[in-house]
Amino acid sequence: MVKSLLIAVNKTLTHEDFGKLLLRLAVGGLMLFHGLHKLIGGVDGISGMLVAKGLPGFIAYGVLIGEVVAPVLIVLGILTRPAALVLAFTMIVAWLMVGTGKTFALDAVGAWAIESLVYFFIGALAVAFLGAGRYALAKDPAWK
């Protein structure tokens, strides 16, 4: 009885392409909020952090590629794997810029202080390995 119920549940929920779409929407869609904030408010804060570390401030505009362009491509399912790798790289840079001192810390509510960075990094890697799936704007596999 239990085994047949489990088999029925597993059969009902076997929709890998829909799961890939949900993952793309979660990772790309939620990161897009971070990017839109920087697109509207500017990248001056990031530029200042870069200059303080001895790097050129114009590099800050790269965050718009990692947090706006790449997430849009991920959500749409266009160049999904390369865009996901760009997003993962962006999370490494974000960790190096603001997260290294928080790596072994908890925030005020007891969560891992860098959990959102890790979520987006691992989520982006999962998207890169899984690909866009069937529900993507790009139909040619080369562009998925």
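Under 9 Å by Cβ, and 6 or more places apart or on different chains, what pairs join a residue from the stretch 2-29 that is more than 19 Å from Ile122 (Cα to Cα) and free of Cβ contacts under 8 Å to residues at least 24 places away in the same chain with one that is of a type outside the set (Phe, Trp, Tyr) and surrounded by 10 or more Cβ atoms within 10 Å (Cβ to Cβ)?
Qualifying pairs under 9 Å: Leu13/Gly19.
Looking only at the stretch 60-71, decide whether some residue is in contact (Cβ under 8 Å) with a residue 60 or more places away in the chain and part of a helix (DSSP H, G or I).
Scanning the stretch 60-71 turns up no residue that is in contact (Cβ under 8 Å) with a residue 60 or more places away in the chain and part of a helix (DSSP H, G or I).
Condition check: under 16 Å from the mean Cα position of the chain (by Cα) and not in a helix (DSSP H, G or I). Does Ala132 satisfy that?
In short, yes.
Scan the stretch 32-60 residue by residue and report those that are farther than 19 Å from Ala88 by Cβ and aromatic (Phe, Trp, Tyr).
Within the stretch 32-60, Phe58 is the sole residue that qualifies.
Would you confirm whether any residue within the stretch 90-107 is within 10 Å of the chain's Cα centre (by Cα), surrounded by 13 or more Cβ atoms within 10 Å (Cβ to Cβ), modelled with pLDDT of 95 or more and closer than 23 Å to Lys38 by Cα?
yes
The values are calculated or read from the model by the stated rules, or taken from the named source; none is laboratory data. Keep in mind it's a predicted model, so treat the numbers as computed, not measured. Cβ: placed from backbone, ideal geometry, glycine included. Neighbour counts: every protein chain shown.
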